[in-house]
Amino acid sequence: MTARVQRRGSFVEPADGEGPFVSFTDLFIGILFLFLILVAALMLMHQEAVQKQQAEVQMMKAEAERMSEQIREMQAKLDAVPKPKPDQPEFKLGIVFNIYQRAAGGNWTFSRTVRVFRAPTGVCINTVWMRSNLSVAWMPPVAEENIPTAAEREDLRSFKPCGISAAGDHWETSTETGNLKRVSKDLYSGTVVLHKSEGDARLEMQYRVVGVYDDYFR
């Protein structure tokens, strides 16, 4: 009986103003503690994400450098492979001159300006840049068999050796035959025979050099 009374006397009654529930201060401190834990967790997660992103960037940089190195090696191998020769030769401008002509006892008249393109293989292409109407007035009508056709495609792809050189020029066609000599650095001089329907006509001809761009013609 005495022991039971003593156990009952050990119960502590709450002080004045305190109830059986947790106080508001304790709840606020608990919530603040949880908030701090949450902030710390978010900071750790953010730091981990940043580190992961940096690691991925470093891996991408390393991969890009590796691929760049492979590209440089492949380019070096491609550069070392001998390049195939083109089907057509490479032409460069060689000489430009104005052509003047005159009949016996007449005056010199401008005929045309010619540009000669030469390839290292020794073949040439002559192109007319400016032409006087007088230079073609004497030429006979072009026969149908002289007009290139599709069947002559391969012949049109070929080139002829240069007729003009540093020493002179010579040509022979169905309409004219010419022979000129280089008399000075800036002048070719000679004659040309025009094959007209009424008979051949002889003219004096000059190449007055405008510019030389290839040592072959110097």
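Inspect segment 101-113 for any residue being under 30 Å from Asp214 (Cα atoms), at pLDDT 90 or above, touching a Gly at 6+ places or on another chain (Cβ under 9 Å) and in the same structural domain as Leu194 (by TED's automatic domain parsing) and give the result as yes or no.
Scanning segment 101-113 turns up no residue that is under 30 Å from Asp214 (Cα atoms), at pLDDT 90 or above, touching a Gly at 6+ places or on another chain (Cβ under 9 Å) and in the same structural domain as Leu194 (by TED's automatic domain parsing).
Determine whether Ala119 is surrounded by 15 or more Cβ atoms within 10 Å (Cβ to Cβ), assigned by TED's automatic domain parsing to the domain that holds Ala201 and of a type in the set (Gly, Ala, Ser). Show your work before the answer.
Values: surrounded by 15 or more Cβ atoms within 10 Å (Cβ to Cβ): yes; assigned by TED's automatic domain parsing to the domain that holds Ala201: yes; of a type in the set (Gly, Ala, Ser): yes.
Judged against the criteria, Ala119 is a match.
List every residue pair whose Cβ atoms lie under 7 Å apart, where the two residues are 6 or more positions apart in sequence or sit on different chains, the first residue falls within segment 151-171 and is over 19 Å from Gly94 (Cα atoms), and the second residue, located anywhere, is surrounded by fewer than 13 Cβ atoms within 10 Å (Cβ to Cβ) and not polar (S, T, N, Q).
Listed by first residue and then by second, the contacts come to Leu156/Pro148.
Being without any contact (Cβ under 8 Å) to a residue 60 or more places away in the chain and either surrounded by 10 or more Cβ atoms within 10 Å (Cβ to Cβ) or assigned to a strand (DSSP E or B) (or both) is the filter here, so list the residues in segment 72-110 that pass it.
Arg72, Glu73, Met74, Gln75, Glu90, Phe91, Gly106, Thr109, Phe110
For Thr177, are the conditions met, namely being at pLDDT 90 or above, assigned to a strand (DSSP E or B) and loosely packed, with under 14 Cβ neighbours inside 10 Å? Give the steps one after another, and end with the answer.
Working: at pLDDT 90 or above: yes; assigned to a strand (DSSP E or B): yes; loosely packed, with under 14 Cβ neighbours inside 10 Å: no.
So Thr177 does not fit the description; no.
The values are calculated or read from the model by the stated rules, or taken from the named source; none is laboratory data. Treat the numbers as computed from the prediction; the structure is a model and nothing was measured. Reconstructed Cβ throughout: ideal geometry from the backbone, glycine too, with neighbour counts over all protein chains shown.
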